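In what follows, a single structure is set out as structure tokens and then discussed.
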Amino acid sequence: MNRPFKESLSLYWTLQKAALRAETGYRFNFVLLVVMGIVYQGSGIAFVWVILSQFDSIGSWTFSDVAFLYSLRLLAHAVWIVPFNQVYALDELVREGRFDVYLLRPLNPLLQVITGRVRMNILGDVITAVTMFGFAVTAADVDWTPAKALYLVLAVLGGAAAEGAVVLLVSALSFRFLHTWSAHFLVDNVFLLFGSYPLHIFGTATTWILTWTVPVAFVAYVPASVLLGRTGDLSVSPVLAWAAPAIGFLWMYAAYRIWVRQMRHYQSTGT
Amino acid sequence: MSALISVDGLVKEFRKVKPHEGRLGSLRTLFTRRYEVNRAVDGVSFAIDEGELVGYLGPNGAGKSTTIKMMTGIVMPTGGTVRISGLDPWRERPCNAAQMGVVFGQRTQLWWDLPLRESFRLVGAIYGVSPADYRESLERFVDLLDLGEFIDRPVRQLSLGQRMRGDIAAAMLHRPRVVYLDEPTIGLDVVAKDRMRTFVEETSRAGETTIVLTTHDLADVERLCPRVILIDHGRVLYDGDVQGLKATYATHRELVVHLAPDESTGRTPAVRAADVLGAEIVSQEQGVARIRFEASRIAVQHLIASVNQNYPVRDLSIVEPDLEGVVRRIYSEGLTP
């Protein structure tokens, strides 16, 4: 039973809406988590602002440039986290054997994982990302052309795919190792700490690692450089910089294949 | 015609880390790994025809659940094959899943925070049940399993019995060809158990559904299953009907003798070992003697005659072994009949 994509998408909506209804039943938690999301993400940009009110620029990037980069990453992060946040809960599902249920139904297990629950704090992430990007995009020094606008849309999707791919790879370890919380924590922090600033300030070696072994650079740093006309700072060629979204999609494709492959190590639980 | 379900030489091994013992043992475990291989299922073979209702039995840790998990496509076999109407449950998981229904007594498949009705709707959508079929099936289950009074309540508020009924309905809404019921009566009270059994009986009677039932409750098996497959230590010990199981393994019966007090002394005599033709006197108290004998070696009429001749007997009865006793014996003593 192989479903057409359209049918899967409509099932995705049906299940996601059900998860949302389940979650909004707990109203207090709902509000609290949204507020928490906003405060958490907002504190990050406040930090950048504090730094840049002391220094004029970071690695020759001005506050408006860094804010653009920062909020671009936040936007890509939000685009990934909204549909896929339950991937973080996979190790728990595996450990408790609740993943069994997803294998019993004629529907993609990953699709069932991600529609299993809606985490409301991600709404806070979205609100912060959209608001900040709204400000940053007006402040940033970008010569907008239709090509650049299209590139922006693709870059956000590609960035979401690049971050998502790494998180998905980590979650695939759940099938063997059962506990992946610390690995997720590490990955999240790498993307947050290194992905939100002009990467070249961390030095050549770090830049190389975060470009070629983990696609941190392709989430926001490379696309932001393209849009801000700063490809000269990059260690990658301008052609590759324009291809950043494609690299994100390739990572996601590979990660998904590996994820499916790792499923064979699922051992369920004793009962 | 080939069987609907065929399991052939099925093996599943689990590899787990064997911790080091002693001082700094946990630290050594972190760095040097030793593995321990546990063969949970060790060469299981059987075939089940369309429409059969088979009880799959075994003590805890026998490999029951693991077999079921390989048949349902949850875990990948280490060796051997499973085919469900020609499909490999692991490699062709979606196709196999579309034609099966599974109920785990220990784990619900319903949406916890939503009304039961919502779960049915979502399951219907996942299996692509047409609206007409959906309405018909739902109506039938609401009627058969008496879901009407709680169908609009969130699943988390349901009692265990209600939840199990909901789970069964959800698993069968798409009219699966094969149904796996894993401990469907676990934790249920007498009334709820009976309702569940009646439902399984009726579903099976129509002949269109093949049912594999694992349970610890042997009353389930005695009432429902014409055929049982018994496994232990990952191997099939017995495959056949319940009568055959008893005949093979329950070779002993028990003669219970109620003795009358002796007319002259007023004392109740005790049965002596010499008078029971080599049978074993299991217990003897308050005028009731329990004598265990092997039916193929000692004819019951000779034993009764001997007892009758030597003692004043008030009442006699023969206790046939129940499945429970048979299985308990097999579990504790192993597979030799």
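Computed quantities for the displayed model
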{"item": "Candidate set: region B:101-111, residues that are within 7 Å of another protein chain (Cβ to nearest Cβ) and modelled with pLDDT of 90 or more; chosen: the one nearest to B:Ser6 (Cα to Cα)", "result": "B:Val102"}
{"item": "Condition check for A:Phe68: modelled with pLDDT of 80 or more, over 23 Å from A:Gly124 (Cα atoms), in contact with a helix residue (DSSP H, G or I) (Cβ under 7 Å, 6 or more places away or on another chain) and surrounded by 13 or more Cβ atoms within 10 Å (Cβ to Cβ)", "result": "no"}
{"item": "Count - residues of region A:180-199 that are of a type in the set (A, V, I, L, M) and in contact with a Phe, Trp or Tyr (Cβ under 6 Å, 6 or more places away or on another chain)", "result": "1"}
{"item": "Unmet criterion (only one of (1) surrounded by fewer than 19 Cβ atoms within 10 Å (Cβ to Cβ); (2) in a strand (DSSP E or B); (3) within 14 Å of chain A (Cβ to nearest Cβ)) for B:Gly61", "result": "(2)"}
{"item": "Residues (more than 19 Å from A:Leu152 (Cα to Cα) and of a type outside the set (Val, Ile, Thr)) located in region A:234-260", "result": "A:Ser235, A:Tyr253, A:Ala254, A:Ala255, A:Tyr256, A:Arg257, A:Trp259"}
{"item": "Failed condition for A:Val190, given (1) touching a Leu at 6+ places or on another chain (Cβ under 8 Å); (2) closer than 24 Å to A:Val113 by Cβ; (3) buried (at least 21 other Cβ atoms within 10 Å of the Cβ)", "result": "(3)"}
{"item": "Region A:11-47, subset in contact with a helix residue (DSSP H, G or I) (Cβ under 9 Å, 6 or more places away or on another chain) and modelled with pLDDT under 75, residue surrounded by the most Cβ atoms within 10 Å (Cβ to Cβ)", "result": "A:Phe30"}
{"item": "Residues of region B:113-142 satisfying the condition of being facing chain A (nearest Cβ under 7 Å) and either in contact (Cβ under 8 Å) with a residue 40 or more places away in the chain or of a type in the set (Asp, Glu) (or both)", "result": "B:Asp113, B:Leu114, B:Glu118, B:Tyr127"}
{"item": "Meets criteria (at pLDDT 85 or above, surrounded by 16 or more Cβ atoms within 10 Å (Cβ to Cβ) and among the small types (Gly, Ala, Ser)) for B:Ser306", "result": "yes"}
{"item": "Residue, surrounded by the most Cβ atoms within 10 Å (Cβ to Cβ), within region B:82-100, restricted to residues that are aliphatic (A, V, I, L, M) and more than 8 Å from chain A (Cβ to nearest Cβ)", "result": "B:Ile84"}
{"item": "Which numbered condition B:Glu21 fails, given (1) within 30 Å of B:Ala219 (Cα to Cα); (2) part of a loop (DSSP other than H, G, I, E, B); (3) acidic (Asp, Glu)", "result": "(1)"}
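Conditions tested, residue by residue: (1) under 16 Å from A:Met252 (Cβ atoms); (2) hydroxyl-bearing (Ser, Thr, Tyr); (3) assigned to a helix (DSSP H, G or I); (4) in contact with a Phe, Trp or Tyr (Cβ under 6 Å, 6 or more places away or on another chain).
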{"position": "A:Ile81", "(1), (2), (3), (4)": "yes, no, yes, no"}
{"position": "A:Phe84", "(1), (2), (3), (4)": "yes, no, yes, no"}
{"position": "A:Val87", "(1), (2), (3), (4)": "yes, no, yes, no"}
{"position": "A:Gly97", "(1), (2), (3), (4)": "no, no, no, no"}
{"position": "A:Val101", "(1), (2), (3), (4)": "no, no, yes, no"}
{"position": "A:Leu107", "(1), (2), (3), (4)": "no, no, no, no"}
{"position": "A:Leu110", "(1), (2), (3), (4)": "yes, no, yes, no"}
{"position": "A:Gly116", "(1), (2), (3), (4)": "no, no, no, no"}
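The values are calculated or read from the model by the stated rules, or taken from the named source; none is laboratory data. The structure displayed is predicted, hence computed values, not measured ones. Methodologically, a virtual Cβ is constructed for each residue, glycine included, from the backbone with ideal geometry; neighbour enumeration extends over all protein chains shown.
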